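I have placed the structure first, in the form of structure tokens, so that the comments after it can refer back to it.
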Amino acid sequence: MNDVDEEYWISDTRLNRALEFDDGMVVQIFATALFAPDAYSTLGGGSGVELPFQYYWRYFVDSSKFDAGNFSALTADMRKLDAQYGAVFTDPTKIAVTSGLSRILRDYSSQRNLTRAILSLMTVGLIGVGGAVLALVAGITADRRRDALLLIRGRGGSARQILGSQLIEGLLLSLPGAVVAWFITTMLISGRSSILSFAAAIGVAAAMTLLLIFAHAGFARRPLGDLEQGEVAIDRVGVRRLVIEILVVALALVGVYLVRRRGIAGSSSTNEISTMDPWLAAVPVLLGLAVGLLIVRLYPLPVRLFGWLSSLRRDLVPVLGFRRTSRQPGATSLPVLVLLLSLAVSSFAMVLTTTISRGQVAASWQQVGADYRVSSGETGYLYSMVDPFKADGVEAVANAVISNAIFSGRVPGSGVAQLMLVEPARLQDVTAGTPADAHMPEVMMREQTGNDIGQPTNPIPAIISPSAAGGRLSVDDTFGMTVLSREMTFVVVEVRERFSGLPADRPFVIAPLPSVALANPSRPIRATDMFVRGPREIESGLDATIRSQSNGANFSSRAAIYDAVHDAPLIAGVATGFRLGLIVTALYAGVAVAFAMLLRGKARARDQAYLRTLGLSREQSLGLTIVEQAPGIIVGIAAGVGLGVAAAWLVAPGLDLLAFIGPGLPVELQIDWPAIAVLVVVVLVVTTVAILLTTRFARKISLGEVLRLGDR
């Protein structure tokens, strides 16, 4: 049993190597010994003194036995166990139970509920955009059946008969598709089945049926004379519709306020995240819908203005295109709304995905400060035998001393700050070209000379945080600090918000280690940390080297910390969910553009065929399509992208993205403008293709079919 890696030792290496405490003056050794069973009776030295022994039984958990379906029961049982046996008893005859499982379950519960709350934003967004696309499909269906409905109405068909037939037809078309989609989804996705999934599929079928009925209701109830005249401009908005739109805007504004104030998830009495609030989860969609409704209301006004200005010109295409657009609100408003919602949700998801991805990288560099870091932890200073260069592949090493230091009383707003003494040139070599680049000032890189280093006549250059010394120091100010039991004078050469390797929420002072060592030559300085540069391939070898040199040294890898956060199942699930949502909503945006062409495709082709009899050329036909569709598409793209970015900024304070990024840095929204530009380009390409195809279809229609009596 001499092999420390044997299972018998349950990873307890204290018997294998002693723990050293090196303060630069004396190396203290703390060792653990194992006694034979028959030696315990003699530990009192034969004097009859009984030592206070404590016995521990260790039980290991088989993680494969955990079932998420029993999570609530397991959590409740662990709470009962902690309540009954979790206290620390002074009576050695009492039995106490200590388990880390309770904390793990609490953290998992909080992370799971937060993940649900964050993913609910994308889920509700997809539902909202999907509903808008279904409404657009219903509108296309009703528009294409306009002639058939006109014929039925002309022969005495009632509104009840028409809507009843749409009810039956909608159920026959949507219900089988929803059930098949649910079945395929449950087969492809390995997870616990839920009745809610089937209910959601049935809900989609019901929503599609209701939208079909609503889309046909206008044709079924409108006077027959209006149907024969075609699309009629609606100048007055109904009171009921106006109230609903105002309610949507009010819900969106109140929701934004509540999200920023108390977050996307509700809180329990124990200040733990409990569950998500459906209303607050729908805030981005409500905000997009509110902005979309405002744009739909305001959009005809500039179009009419452009139509009037175009009437002053001698050509036909601009005035005809703008006037057709202003007199057909149903053909333009819904496509613009769908496009706006799709791009808003896509941009929103892209901002959050980019923020999480870049934040994880930045947080890992902020925590470690370099590719690798060796620290003394609670053992004081690093053991003198620690040498990372003994490992293959190490490129550079910089020593540092990190401790708390007190400002002298003569400094305004004096207090305690974290003092980091570094080797500036070596630290620059370690961090150059990385997100943790130290960017050391030139004055700190120079060797300081003189016998008065650290005195008011020759202060030591330093970098400070804005909060150091109560925020009352600025560049070129001098201040004093107690370092190694001696007061030294420093001069501020730079003020920074943060410095990699140090907590971002604590005041700090960065000073050159060589200058401090020269200022106090009688006091040897031992490093507490080492920052190491090297490729990822040396991680295991460097870790083994450090462990063999010192059992008390702590080794951390920047890449390992990043992987631990990035690859965590719940955190990775959020990133994957947002990426999938981004793809789906981008497809929705393309579908919205294509449907914008098809919604009035038949009527547009017929009208352009009439104009061809008056001499409308191919170029004029293409220009007419562009004039009709381009304004709505441009407005939808601009408003959608702007709204998505603005929605992310508005709700970001209530999302608690720090749980998905990791500690070390405050959350700052990151916008990937090139990716958003690619999304816009894709939509524009789809738009161009749709316009060209629509124009080609309009040019190929037979004039005889259009002019034949009874075509309308």
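The values are calculated or read from the model by the stated rules, or taken from the named source; none is laboratory data. Here the structure is a predicted model, which means the values were calculated and not measured. All Cβ positions, glycine included, derive from the backbone under ideal geometry; neighbour counts span all protein chains shown. Heavy atoms of the whole protein, side chains included, go into the accessibility calculation; ligands, DNA and RNA do not. Shrake-Rupley method; radii C 1.70, N 1.55, O 1.52, S 1.80 Å.
To put it simply, the accessible area of region 97-177 at a 1.4 Å probe is 63 percent carbon and sulfur. Electrostatic bookkeeping for Val443 treats Lys and Arg as +1 and Asp and Glu as -1; over the other residues with beta carbon under 14 Å from its beta carbon, the sum is -3. Solvent-accessible surface of region 76-202, taken per residue with a 1.4 Å probe and all protein chains present: 63 Å². Computing FRET efficiency as 1/(1 + (r/R0)^6) for Arg523 and Leu253, where r is the C-beta to C-beta distance and R0 is 51 Å, gives about 0.25. Once you sort the root eigenvalues of the Cα gyration tensor of region 473-604 as a ≥ b ≥ c, which label holds: rounded (a/c under 1.5), prolate (a/b larger than b/c) or oblate (the other case)? Oblate.
Note on region 445-513: with neighbouring protein chains present and a 1.4 Å probe, carbon and sulfur make up 43 percent of its accessible heavy-atom surface. What the Cβ-Cβ distance of Ile29 and Asp107 gives, at R0 = 35 Å and to the nearest 0.05, is a FRET efficiency of 0.45.
Per residue, region 491-597 exposes 41 Å² of solvent-accessible protein surface, assessed with a 1.4 angstrom probe and all protein chains in place.
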